[in-house]
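FYI, it's all coordinate maths here, none of it is from the lab. Treat the numbers as computed from the prediction; the structure is a model and nothing was measured. Virtual Cβ from ideal backbone geometry, glycine too; neighbours counted across all protein chains shown.
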Amino acid sequence: MILVTGATGTVGREVLRRIGPRPAVRVMARKPERVTAVPGTVEAVHGDYDDPDSLARAVRGVDTALLVTSRVGRDDDARFLRAARSAGVRHVVKLSAAAVEDDRADDLITRWQRENEETLRGSGMEWTLLRPRSFMSNTLSWAGPVRAEGVVRGLYGTSANACVDPADIAEVAVRALTEFGHAGRVHTLTGPEALTAVEQTAQLSALLGRPLRFEEWEPDQARVLWSTRHPAAVVEALLQSAERQRAGAKAGVGNTVREVAGRPARSFRQWAGEHLAAFTPH
């Protein structure tokens, strides 16, 4: 049996769309009723990283698991892995981040991901690490201003990022969960090219057939705006990450999607073309 965590998130939803009916699939979520687009053969169960009993029930009978955690600084990975090892889980595929392999990255989020990876490596179970660049879907945060004002706002708009389509991450995850040969491997996942936010704005403008402009934030503006959504330590981590991107740390393009999935990585233009409704005025 395969267990999918994070099934209500960006990558987890895509995994469920792609995974087949064999072997059996179970989904763990704090609120199973929120799990959508689940084939009839998929079992949705309650599981909470703060509730060891619920974790034990969720991993019972599981052979392979997709581990997705998001509460920065928490020990959710360690809690899950303890339960998984006790239940006899053989293989864990973990969603991590490409920044882990950058020696210059020492922000809170990256340190947390490194610690989680080391916990998995030392768990005694087989492991596979997925290290994606930024998700193309992060640009959905632009949708409101694009619809209302025809504007995209952001920090360091001319810095490049080889962002990746979450569908490609999910495709690689499904293969790691269902095929042999992925244990002990690290899959760093990028899109087919490095793009700046200004270039993404131009592509989106062409697809929408309407003019869009990019407005640059100052770092202090970004700090204030992000502080409305994130704790101070996370905001500083995001600012450090943006500085590394400005220095070129996120512009490298890899070939892992093609190597694993047997096809090229999807472009931002492809992703945006399938999500134009989000950016179109109602």
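Taking the range 129-203, which chymotrypsin sites (Phe, Trp or Tyr not before Pro) meet the DSSP loop condition and have no more than 16 other C-beta atoms within 10 Å?
Numbers: sites: Phe135, Trp142, Tyr156, Phe180; in loops: Tyr156, Phe180.
Those satisfying the criteria are Phe180.
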Return the label of the correct value of Kirkwood radius over Cα pairs in Å, as calculated from the structure shown, out of (i) 20.3; (ii) 18.8; (iii) 19.7. (iii)
Extent of the range 61-201 along each principal axis, from alpha carbon coordinates, in Å, largest to smallest? 53, 30, 28
Applied in sequence order to the range 243-260, the curve 6.51 cos²θ - 1.76 cosθ + 1.60 (Karplus, θ = phi - 60°) yields integer Hz couplings, x standing for Gly and Pro, of 5, 5, 5, 4, 7, x, 6, 10, 8, x, 10, x, 10, 5, 4, 4, 5, 8
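Within the range 152-235, report the trypsin sites (Lys or Arg not before Pro) that DSSP leaves as loop and that have at most 15 other Cβ atoms within 10 Å. Display every interim value, and only then the final one.
Values: sites: Arg153, Arg175, Arg185, Arg213, Arg223, Arg229; in loops: Arg229.
For trypsin sites (Lys or Arg not before Pro) across the range 152-235 that sit outside H, G, I, E and B with at most 15 neighbouring Cβ atoms in 10 Å, the list reads Arg229.
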From Cα coordinates alone, what are the radius of gyration and Dmax values for the range 143-264 in angstrom? 17.2, 49
With each pseudo-label sitting 7 Å past Cα toward Cβ, what's the Glu149-Glu43 distance in nm, one decimal? 5.0
Roughly speaking, what is the stretch gain from Asp103 to Glu33, that is 0.36 nm per residue apart minus the C-alpha to C-alpha distance, in nm to one decimal? 21.1 nm
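Roughly what % of Cα-Cα distances in the range 1-102 sit above 22 Å, to the whole percent?
Numbers: 1219 of 5151 pairs.
Summing the P(r) of the range 1-102 above 22 Å gives 24 percent of all pairs.
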Using amide H atoms built in the peptide plane, which far-off residues or other-chain residues are under 5 Å from Val4 H to H? Arg26, Val27, Met28, Leu66
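Pop the C-beta distance of Asp51 and Asp220 into the FRET formula with R0 = 35 Å and round what comes out to the nearest 0.05. Walk me through the numbers on the way to the answer.
Values: r = 40 Å, r/R0 = 1.15.
My answer for the efficiency is 0.30.
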